[in-house]
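**Q** My questions all concern the structure below.
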Amino acid sequence: MTGATADLLIRNARVVAGERVFAGGVAVSGGRITAVFEGESDAVATETIDARGLTLLPGLVDAHVHFSEPGRGHWEGFATGSRAAAAGGITTFVEMPLNAHPPTVDAAALALKQAAASVSITDYALWGGFVDDNRADLASLQKGGVVGFKAFMCTATDFPRIDAALMREGMRAIAGFGAFLALHAEDEAMTAALTATLRAAGRTDRAAWGEARPIAAELAAIDTAIDLADETGARLHVVHVSSAAGIDRISAAKARGVRVTAETCPHYLFFDDSDLERIGPLAKCAPPLRNAREREALWERVLDGAVDVIASDHSPCLIEEKTAGEDDIFKAWGGISGLQSTLPVLLTEGPKRGLSLAAIARMTAANPARLFGLDPQKGAIAVGADADLVLVDPDASNALAESDLFYKNPHSAYVGGAFRGAVIRTLSRGETIFLGGAITAEPGRGCRLDGPGLAA
């Protein structure tokens with residue numbers, strides 16, 4: 001790029017580009033990366049960022065967030081949610097169809113969601129919902145631009161579960177669109193029976209939550225879903241897998257040709273079930289946190305490359321909906337606010353176990369972008385890609401405080417945790433949107449990224 005002129009030059013960084021990590025930088029013009037270089041560049045730029053001591057990663061593509069609009073914007077909303085995403089180094093998020101009221105299960109609800117999302121400061125895409133009575137609406141959702149479909153095999157708020165027979169029908173339709181199904185995999189019969197037994201015995205303690213939703217329930221649901229994906233030829237994505245055995249079932253299915261991918265979340269890699277006892281309802285999620293041995297087994301699968309995607313599953317609520325479970329864990333909202341914690345968790349816990357920066361970028365950016373068909377525009381530091389970038393200080397250390405959180409309801413199980421690695425600067429299409437602890441972008445600058453729609 002000798003003598004060339006660029007809008008922006010980032011130099012002296014430790015660059016993570018695909019499987020390569022090297023000292024160098026990037027040049028940006030028109031919101032896209034025009035050069036990736038090792039060492040120095042003699043390019044002339046309008047703006048230069050000296051990133052000495054910092055690591056340059058592709059902006060994260062968070063495949064799994066709940067911003068709860070329309071209808072429950074008091075839980076989060078796209079305005080605060082996208083700001084928190086920027087603070088967490090996330091430059092593209094894909095927002096789930098549930099927790100909103102109405103959920104995104106038909107064309108009218110999708111239009112409401114799209115209107116609510118227009119205030120985002122980061123780029124975004126939207127999931128469509130597949131529930132027990134909207135098979136006739138799946139095509140209109142696909143036509144409207146959703147990038148995938150989400151379903152539950154267990155009961156969820158305002159989002160009716162599907163059974164195996166319905167899943168088969170939906171998978172066939174979704175496969176026909178060229179789309180895919182993301183699935184919350186917990187067996188309803190098993191979790192409902194265990195919950196009823198525990199509650200009849202007077203169990204309201206924190207440990208009861210995990211006992212009501214054992215790994216066996218996750219595995220039973222994963223097995224059913226994989227069998228149906230194999231039968232129908234549909235693409236399947238299993239979200240927030242909490243167990244090593246769950247990853248193994250998915251890996252075995254891949255080996256025999258089933259089109260299935262696996263996602264896990266930072267909270268399953270950072271916490272264990274003793275943290276639910278210690279922290280309380282803020283650490284309640286579904287599937288629940290597992291024991292420390294299981295956490296380490298899950299880490300082994302991450303290190304082996306068996307996990308495709310790491311996503312936050314940011315699931316906020318009002319604080320009173322958490323504290324409602326202080327004396328009865330079953331009454332607390334089940335979800336962890338973690339949008340700003342994905343990178344800190346991986347930068348803190350990953351190096352202890354040998355996780356590479358390239359692997360972090362693969363699971364948090366490249367793979368999710370590929371999952372949704374957003375590559376090569378998103379998810380990589382490469383010429384021609386959008387200049388979605390995050391500069392992190394790998395040596396910074398801090399204890400997370402509520403005052404650090406950009407969430408509408410600034411509470412999280414991660415508060416008080418000690419982390420190494422901090423997001424210093426986030427750039428979306430070459431524009432700095434977060435810098436030094438502050439948001440620097442205006443609402444509405446984010447672009448909606450639609451799926452391919454219906455074939456003619």
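**Q** Mind listing just one residue for me: the one in segment 285-301 that is part of a loop (DSSP other than H, G, I, E, B) and free of Cβ contacts under 8 Å to residues at least 60 places away in the same chain and, of those, nearest to Gly246 (Cα to Cα)?
**A** First, pick out the residues of segment 285-301 that are part of a loop (DSSP other than H, G, I, E, B): 285-291.
Subset that is free of Cβ contacts under 8 Å to residues at least 60 places away in the same chain: 285, 291.
Values: Cys285: 17, Asn291: 15 Å.
Here the answer is Asn291.
**Q** Could I ask something else about it? Suppose we filter segment 197-250 for residues that are open to solvent by less than 40 Å² (accessible area, probe 1.4 Å) and part of a helix (DSSP H, G or I); how many remain?
**A** The number of residues fulfilling the criteria is 22.
**Q** Filter segment 23-48 for residues that are hydrophobic (A, V, I, L, M, F, W, C), assigned to a strand (DSSP E or B) and open to solvent by 10 Å² or more (accessible area, probe 1.4 Å) and give the result.
**A** Matches in segment 23-48: Ala23, Ala35, Val36, Phe37, Val44, Ala45.
**Q** Next up: Show me the strands (runs of 3 or more DSSP E) found entirely inside segment 336-446 where at least 1 residues are of a type in the set (S, T, N, Q) and buried (at least 17 other Cβ atoms within 10 Å of the Cβ).
**A** Numbers: elements: 389-399, 418-428, 431-435.
Once the strands (runs of 3 or more DSSP E) in segment 336-446 are filtered for at least 1 residues that are of a type in the set (S, T, N, Q) and buried (at least 17 other Cβ atoms within 10 Å of the Cβ), what remains is 418-428, 431-435.
**Q** What number of residues in segment 258-276 are in a loop (DSSP other than H, G, I, E, B) and either in contact with a His (Cβ under 8 Å, 6 or more places away or on another chain) or without any contact (Cβ under 8 Å) to a residue 12 or more places away in the chain (or both)?
**A** 1
**Q** Would you pick out the residues in segment 92-143 that are small (Gly, Ala, Ser), open to solvent by less than 10 Å² (accessible area, probe 1.4 Å) and within 20 Å of Cys447 (Cβ to Cβ)?
**A** Ala117, Ser120, Ala125, Gly128
**Q** Follow-up. I'd like to know if segment 175-190 contains one or more residues that are more than 28 Å from Leu141 (Cβ to Cβ) and modelled with pLDDT of 95 or more. Talk me through it step by step, then tell me what you get.
**A** Within segment 175-190, the subset more than 28 Å from Leu141 (Cβ to Cβ) is 189-190.
Next, only the ones that are modelled with pLDDT of 95 or more stay: 189-190.
Within segment 175-190 (the criterion being more than 28 Å from Leu141 (Cβ to Cβ) and modelled with pLDDT of 95 or more), the answer is yes, since at least one residue qualifies.
**Q** While we're here: Could you grab me the full set of residues in segment 52-76 that are over 16 Å from the mean Cα position of the chain (by Cα), part of a loop (DSSP other than H, G, I, E, B) and not aromatic (Phe, Trp, Tyr)? I'd like the intermediate steps shown before the answer.
**A** In the first step, residues of segment 52-76 are kept if they are over 16 Å from the mean Cα position of the chain (by Cα); the result is 52-57, 69-75.
From what's left, part of a loop (DSSP other than H, G, I, E, B): 52-54, 69-75.
Scanning segment 52-76 gives Arg52, Gly53, Leu54, Glu69, Pro70, Gly71, Arg72, Gly73, His74.
**Q** When the residues of segment 164-196 are narrowed to those that are free of Cβ contacts under 8 Å to residues at least 12 places away in the same chain and over 20 Å from Ala245 (Cβ atoms), which ends up surrounded by the most Cβ atoms within 10 Å (Cβ to Cβ)?
**A** Filtering segment 164-196 for residues that are free of Cβ contacts under 8 Å to residues at least 12 places away in the same chain and over 20 Å from Ala245 (Cβ atoms), the one surrounded by the most Cβ atoms within 10 Å (Cβ to Cβ) comes out as Gly176.
**Q** Follow-up question, since we're still on this one. Being farther than 19 Å from Ser356 by Cβ and open to solvent by 10 Å² or more (accessible area, probe 1.4 Å) is the requirement here; does Arg20 meet it?
**A** No; evaluated as a whole, the condition is false for this residue.
The values are calculated or read from the model by the stated rules, or taken from the named source; none is laboratory data. Remember, predicted model here, so these are calculated numbers, not experimental data. Methodologically, a virtual Cβ is constructed for each residue, glycine included, from the backbone with ideal geometry; neighbour enumeration extends over all protein chains shown. When the accessible area is computed, the model is the full protein with side chains, heavy atoms only, and any ligands, DNA or RNA have been set aside. Shrake-Rupley method; radii C 1.70, N 1.55, O 1.52, S 1.80 Å.
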